[in-house]
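Right, one structure below, let's go through it.
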Amino acid sequence: TINFSAGPAMLPHEVLIQAQAELLNWHQTGCSVMELSHRGKDFEQYALEATQDLRDILNIPDNYKVLFLQGGARAQFASVPLNILSDNTTADYIESGYWSKCASDEAEKYCHVNRIKIQNDNNGILSLKPYEQWQINPDSAYIHYCPNETIEGLAIFDDPTFDNKTIVADFSSCILSKPINISQYGIIYAGAQKNIGPSGITIVIVRDDLIGKAKQELPSILDYAVQAKHDSMFNTPPTFAWYMSGLVFKWIKQLGGLTAMEERNRSKAEMLYRYIDQSDFYHNRIATENRSIMNVPFTSPSEDLDKRFVEKASQHGIIGIKGHRIVGGMRASIYNAMDLAEVEYLIEFMKEFEKTNG
Ligand code: PLP
């Protein structure tokens, strides 16, 4: 089976094999890692090593904390304003698609949100205004944006730069897909269930000067200062998800880090877009410069054929390829764990389907 799901998504095969091998006896403890205390020396050491591996891979400067939290990216939609804003302040929210709009809607409960819509529809072709054209409010406390809209397959590849502005980004569906210049950001957050590990853990990378500003009434569990002080173990962390994420970080290191990951991801995406573009049967409506290298949505000539495609695909071991209900069609999520041969297999299936239904 090849799993093209947007998340929870496929994990690297090598990682699953290793997890399976040590499932019943982790690090010679005679127990599964799931059964051990997060306060035990073995797990504490493992957690520190996983955090350091993530720091190494992303080249995270010393003046940033790395937190392993719960509540998914959605908890961060609330945590970000609650941690770094005082009353009545304004924040700029860049709206590029579904998830960035969800982030604005949540933030609006806590602050004044300046919504900046950046999607252009040019005769059915969707593109995003480059960051140089974003209408930023000079008084805003920060700018929030989403570099990869998982549902629409819309991506922003540049790290935006604005003088003296804090930039906050939801990297849920593209973290670890390519190098990021962390020092251009105030906060980066990402749910794990696409490129990091299983669902249940959320990574927050936050610059030191943004920690400790939360109001008294903020629940401690959401407070970056509390979580940083307790090394993300203020409450019991999702130890298994943390463990799996640690294996994924080692796997990325072994493959050559994020530059190698980006190369692998670009090759897969280019191959798939190239095939879609030369076909009269399949269509992707995203402008070339904003095409995601993680989520590739496409349609066939009709909704009936889309439905049949999804059914036939599952008979050929291709699962998780149905598009999100708000855009329809199909979506191939081709995160880090997927290799080139698996995308080639999808393309072969697409060719066959086109031949019999075109
Ligand atoms: N942001 C983006 C870009 C996403 O793709 C998703 C989920 O797919 C979310 C936020 C919500 O994540 P969670 O379910 O972890 O809260």
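Values in this text are rule-based calculations from the coordinates and carry no lab data. On a predicted model such as this, the values are computed, not experimentally measured, just so you know. FYI the Cβ positions are ideal-geometry reconstructions off the backbone, even for glycines, and counts take in every protein chain you see.
At a Cα cut-off below 17 Å, give the aspartates and glutamates reachable from K117, other chains included and same-chain residues fewer than 8 away excluded.
D92, E95, D105, E106, E108, E132, E149, E152, D170
Given N residues in the range 158-254, what is its alpha carbon radius of gyration divided by 2.2 N^0.38 Å? Please list the in-between numbers first.
Details: Rg = 14.5 Å, N = 97, 2.2 N^0.38 = 12.5 Å.
For the range 158-254, the normalised Cα radius of gyration is 1.16.
Using only alpha carbon pairs under 8 Å that are at least six residues apart, calculate the relative contact order of the range 159-211 and give it in whole percent. Each step should come with its number before you reach the end.
Working: 73 pairs, mean separation 16.8, N = 53.
Relative contact order comes out at 32 percent.
Taking K213 as the anchor, which aspartates and glutamates have their alpha carbon closer than 15 Å to its alpha carbon, excluding any fewer than eight residues away along the same chain?
K213 reaches D87, D223.
If r is the Cβ-Cβ distance from E108 to N137 and R0 is 22 Å, what FRET efficiency results, to the nearest 0.05? Numbers along the way, then the final one.
Values: r = 15 Å, r/R0 = 0.67.
That pair, E108 with N137, gives E of 0.90.
Starting from the Cα of S86, move 7 Å in the Cα-to-Cβ direction to define the label point; list residues of the range 225-252 whose amide nitrogen is under 19 Å from there.
Residues passing the 19 Å test: 225.
Kindly provide the pair-distance distribution of the range 1-123 built from C-alpha pairs, with 5 Å bins from 0 and whole-percent values in order of increasing distance.
Final binned percentages: 2, 8, 11, 12, 15, 15, 13, 10, 8, 4, 2, 0, 0.
Between L48 and R308, what length comes free when the chain is fully extended (0.36 nm per residue of separation minus the Cα-Cα distance, one decimal in nm)? Don't jump to the answer; show the numbers that get you there.
Details: separation 260, 0.36 × 260 = 93.60 nm, distance 4.76 nm.
Difference between extended and current length: 88.8 nm.
Say the cut-off is 25 Å between C-alpha atoms; which of K41/K194; K65/K165; K109/K178; K101/K250 go over it? List each step's numbers first, then the result.
On the way: K41/K194 29 Å; K65/K165 19 Å; K109/K178 33 Å; K101/K250 34 Å.
K41/K194; K109/K178; K101/K250, as the Cα separations exceed 25 Å there.
Listed highest first by mean packing, meaning other Cβ atoms within 10 Å per residue, what order do 183-196, 335-348 come in?
On the way: 183-196: 23.2, 335-348: 18.1.
So the order, starting with the most tightly packed, is 183-196, 335-348.
Could you tell me how far the Cα centroid of the range 64-136 sits from the Cα centroid of the range 282-346, in Å?
The range 282-346 and the range 64-136 have Cα centres spaced 26 Å from each other.
Could you tell me whether the range 89-197 comes out rounded, prolate or oblate from its Cα gyration tensor? Rule is a ≥ b ≥ c as square roots of the eigenvalues, rounded for a/c under 1.5, then prolate if a/b exceeds b/c, otherwise oblate.
On the way: a/c = 1.36, a/b = 1.11, b/c = 1.23.
Cα axes put the range 89-197 in the rounded bin.
What whole-number distance in Å separates the alpha-carbon centres of the range 1-34 and the range 140-195?
Their Cα centres are 28 Å away from one another.
Take every Cα-Cα pair in the range 256-357 and report what % of them are more than 18 Å apart.
On the way: 2269 of 5151 pairs.
Roughly 44 percent, rounded to a whole number.
Of I151, G186, A50, whose Cα points farthest to the positive end of the dipole of the chain (charges on the beta-carbon: +1 Lys, Arg; -1 Asp, Glu; origin at the Cα centre)?
So the residue we want is I151.
Can you compute 3J(HN,Hα) from phi for each residue in the range 153-169, using the Karplus curve 6.51 cos²θ - 1.76 cosθ + 1.60 with θ = phi - 60°, rounded to whole Hz and x for Gly and Pro?
So the J values, rounded to whole Hz, are x, 9, 10, 10, 8, 6, 7, x, 10, 9, 4, 6, 10, 7, 10, 10, 9.
Just to be sure I understand: if I project the alpha-carbon convex hull of the chain onto a plane and average over all orientations, what area do I get in nm²?
Values: hull surface 72.6 nm².
For the chain, averaging the hull's shadow over all directions gives 18.1 nm².
Length gain on complete extension for the stretch D339 to Q28, per 0.36 nm per residue less the alpha carbon to alpha carbon distance? Don't skip to the answer; put the middle values down first.
Working: separation 311, 0.36 × 311 = 111.96 nm, distance 3.21 nm.
Taking D339 through Q28 to full extension adds about 108.7 nm, to one decimal.
How high is the relative contact order of the chain? Use alpha-carbon pairs under 8 Å, at least six apart in sequence, and give a whole percent.
Normalised by residue count, the contact order of the chain is 23 percent.
Taking the Cα centre of the chain as origin and charging only Cβ (+1 Lys, Arg; -1 Asp, Glu), how large is the dipole, in debye to the nearest 20? Write out the running numbers ahead of the final one.
Numbers: 33 positive and 45 negative charges, 72 e Å.
It works out to roughly 340 debye.
Which residue, I180, I201, I125, has the most motion in a Gaussian network model of the chain that connects Cα atoms within less than 10 Å?
Among I180, I201, I125, the largest mean-square fluctuation in the Gaussian network model of the chain belongs to I125.
Can you tell me which aspartates and glutamates have their Cα less than 15 Å from the Cα of K312? Leave out same-chain residues fewer than eight positions away.
Result set, ordered by chain and number: E303, D304, E348, E352, E354.
If every alpha-carbon in the range 235-285 counts as one equal scatterer, what log10 I(q)/I(0) does Debye give at q = 0.23, 0.28 1/Å?
Ignoring solvent entirely, the Cα scatterers give -0.83, -0.98.
Please state, to two decimals, what the Cα-based radius of gyration of the range 1-44 comes to when divided by 2.2 N^0.38 Å (N = residues).
Values: Rg = 13.6 Å, N = 44, 2.2 N^0.38 = 9.3 Å.
So the range 1-44 has a normalised radius of gyration of 1.47.
Label N164 and T236 with points 7 Å out from Cα along Cα→Cβ: what is the distance between them in nm?
Inter-label distance under the simple model: 4.9 nm.
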